[in-house]
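Following: one structure in structure tokens, then a few remarks.
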Amino acid sequence: MANIKSAKKRVVTSAKRAERNKAIRTAVKTYIKNVEAAVAEGNKEEAAKALNVAIAQISKAANKGILHKNNAARKVSRLTKLVNGIQ
């Protein structure tokens, strides 16, 4: 553990941020799984709704810096392509 007061504060702050970032990343993965599940069922309407929710959450995470913008763009692109491929 750090000895300097500001270093102690940074340890606590870093832990809080890491926990928050992990929760948001996990939520994004869940939204992605929801889209993939709807696509697997072949339900285009449900997949489209899930896609809109997933895109919003992915964009929010990218804007906060939790996901890199190119990583977020790649995830959105893949999901969109997946949903558009439903017949």
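The values are calculated or read from the model by the stated rules, or taken from the named source; none is laboratory data. Note that the coordinates shown come from a computational prediction; the quantities given were computed from them, not determined experimentally. Here the Cβ is made from the backbone with ideal geometry for all residues, glycine too, and neighbour counts use every protein chain on show. Accessible surface areas use protein heavy atoms only, side chains included; no ligands, DNA or RNA. Shrake-Rupley method; radii C 1.70, N 1.55, O 1.52, S 1.80 Å.
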Study note, to complete from the structure: In whole percent, the fraction of accessible protein surface over the chain that belongs to carbon or sulfur atoms, probe radius 1.4 Å, stands at 52
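So what is the relative contact order for the chain, in percent, with contacts set as C-alpha pairs under 8 Å and at least six apart?
On the way: 59 pairs, mean separation 25.3, N = 87.
The normalised contact order for the chain reaches 29 percent.
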Review point. Among the aspartates and glutamates, which fall within straight-line cross-link reach of Lys64, defined as a Cα-Cα distance under 16 Å, with same-chain neighbours fewer than 8 residues apart omitted?
Key: Glu19
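May I ask you to give the solvent-accessible area per residue for the chain, in square angstrom, as obtained with a 1.4 angstrom probe?
Details: 6490 Å² over 87 residues.
So the chain comes to 75 Å² accessible per residue, rounded to a whole number.
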Practice item. Kindly write out, for the stretch 56-62 in residue order, the coupling ³J(HN,Hα) from the Karplus curve 6.51 cos²θ - 1.76 cosθ + 1.60 (θ = phi - 60°), rounded to whole Hz, with x marking Gly and Pro. Key: 4, 5, 5, 5, 4, 5, 5
Review point. Whole-Hz Karplus ³J(HN,Hα) for the stretch 75-87, in order, using 6.51 cos²θ - 1.76 cosθ + 1.60 and θ = phi - 60°, x for Gly and Pro?
Key: 4, 4, 4, 4, 5, 4, 4, 5, 5, 5, x, 5, 9
Revision key, fill the gap. Looking only at lysines whose Cα falls under 23 Å of Lys69's and that sit 8 or more positions away or on another chain, we get Lys16, Lys22, Lys29, Lys33, Lys49, Lys60, Lys81
Study note, to complete from the structure: In nm, the gap between the two label points placed 7 Å beyond Cα toward Cβ at Asn70 and Ala56 is 2.9
Check your understanding: Summing -39500 (n - 2.57) over the DSSP H runs of n ≥ 4 in the chain and dividing by its residue number, what mean residue ellipticity at 222 nm do you reach, to the nearest 500 deg cm²/dmol?
Key -> -29500 deg cm²/dmol
**Study point:** Coarse-grained scattering of the chain at q = 0.15, 0.21 Å⁻¹, given as base-10 log I(q)/I(0) from a Debye sum over alpha-carbon atoms
**Key:** -0.60, -0.91
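With a Förster radius of 35 Å, plug the Cβ-Cβ distance of Asn43 and Arg20 into 1/(1 + (r/R0)^6) and report the FRET value to the nearest 0.05.
On the way: r = 33 Å, r/R0 = 0.93.
Computed FRET efficiency for Asn43 and Arg20: 0.60.
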